[in-house]
1. How high is the FRET efficiency from LYS123 to TYR331, r the C-beta distance, R0 30 Å, rounded to 0.05?
2. Run the quick spin-label model on GLU105 and ASP307: label points 7 Å from Cα toward the beta carbon, then report their separation in nm to one decimal.
3. Can you give the translational diffusion coefficient of the chain in µm²/s, computed by Stokes-Einstein from the Kirkwood radius over Cα pairs at 4 °C and 1.567 mPa s?
4. Of the beta bridges DSSP finds with both residues in the range 1-126, what % are antiparallel, to the nearest 5?
5. With a 1.4 Å probe and every protein chain kept in, tell me what percent of the accessible surface of the chain is carbon plus sulfur.
6. Taking Cα atoms, how many degrees apart are the long axis of helix 276-295 and the longest axis of the chain, rounded to 10 and kept between 0 and 90?
7. How big is the accessible area of LEU11 in square angstrom, nearest 10, if you roll a 1.4 angstrom probe over the protein chains?
8. Do any chymotrypsin sites (Phe, Trp or Tyr not before Pro) in the range 54-104 lie in a loop, going by DSSP, with at most 16 other beta-carbon atoms within 10 Å of their beta carbon, and if so which?
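The values are calculated or read from the model by the stated rules, or taken from the named source; none is laboratory data. In this text the structure is predicted, and so the values were computed from the model without any measurement. Here the Cβ positions follow ideal geometry from the backbone for every residue, glycine too, while neighbour counts run over all protein chains shown. Please note that ligands, DNA and RNA were not included when accessible areas were found on the heavy atoms of the full protein model with its side chains. Shrake-Rupley method; radii C 1.70, N 1.55, O 1.52, S 1.80 Å.
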Amino acid sequence: MTGHPSHNFSLPPRLRAIHEAEYPRFSDAEMQRRRAEVAGLLREAGVDHLVYCGANRFGSVVQWLTGWPVTAEAVGVFTPGLPDATFVQHVNHAPLAQKLAAPSEVAWGGASCIAAAIGVLEKRGAKNGRVAVIGPMTFEQHGTLSAKFGTIANLNRRYVRLRQVKSAEELDWMRIGAAMTDRGMIALGEGLRPGLSERDLSELVERSYVALGGINVIHFFGVTSMASPNLGVPTQFVGNRNVAKGDIVFSEISTSFWEHPGQVLRSFAVGEEPSTLYRDLHAVADAAFDSVAKILKAGTLPQQVVDAASMIEDAGFTIIDDLLHGYGGGYLPPILGSKSRPSANVPDEPFRAGMVVVIQPNVVTRDGNAGVQTGEMVLITETGIEPMHKVPRGFIRI
């Protein structure tokens, strides 16, 4: 990659139009679809109003319903048939929120966003036991809300299930996020060399997409000697270890385009061919990925995915990370482990067309000292999967 990043970032015309907008927006039809889905959740729960919330860039429902990615805090009121009332913190965030979240009626939340939302509910005649919530509501917020309206219905699980299946427009935005994620992994591979610190690796990755509007979700790195390894999975915080000849560098990268991410996992051998142990680990990881990918489609059961990866245990290895998880709008179910490192719950519900998942067999030795990463985000269809990434797979020699 040479020159300014935007000079060689190629997208199909449909996606390019979204990416090049000053502030991209979903269509009116898409936003009405979402509102209709949420109205249906309210009817099923027997409630009339929804309070949606988020804080510190966490709480996907705010962005999904309004178009405003949460900054410090946001609390909104959704009532079918009426405009949303959304309150944000801080006061200087309100002007942009008013632009991005239109036609929601957006205002600064003053001393308390939840108090402002309660004022709207009172004006709308909200009754005791007829209010619901979606989002990461704090203990204090819930206490204030329930003191006014009694038992508050928690619709978070129903919302998560709703978000598992993506619309065509959501998939387009995720494809842009996937393309930016690919750039991060390619930049890591092209720039990786002995002597760089893990902090330098962060710069390599982020520099590849920041100028394109990409936002870092994660860039996890693992760096250890292949001859005497002591790390089986990438770390969640960047250390200050330098890369050396004979190391493995393995990474999990996720970059988002307006809260719509991709995710890619790869492993690199630095300056030397992979050792026999690491070749074996990666061969099993590749086989597990291919086996899961072969059976995955609408109607596949989660337990079948676990069973499909049994070659991990057959080879005498295990995993530390999850084998597969849903993605887009959060870290979504099903979240699956393997036979030797099972997940907390293997649901009975089959996969559905339109779900986006990450297949990521992080195969490790039983003692957890050596491991590899491979995998990526895919779309589930009626007949199989559709890859959403283009960065080549494989154990790459640097």
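1. Here the calculated transfer efficiency is 0.25.
2. About 5.6 nm separates the two model spin labels.
3. It diffuses with D of about 58 µm²/s by this estimate.
4. Percent antiparallel among DSSP bridges in the range 1-126 is about 75.
5. 54
6. Its long axis makes an angle of about 40 degrees.
7. Surface accessible to solvent at LEU11 totals approximately 20 Å².
8. Nothing satisfies the criteria.
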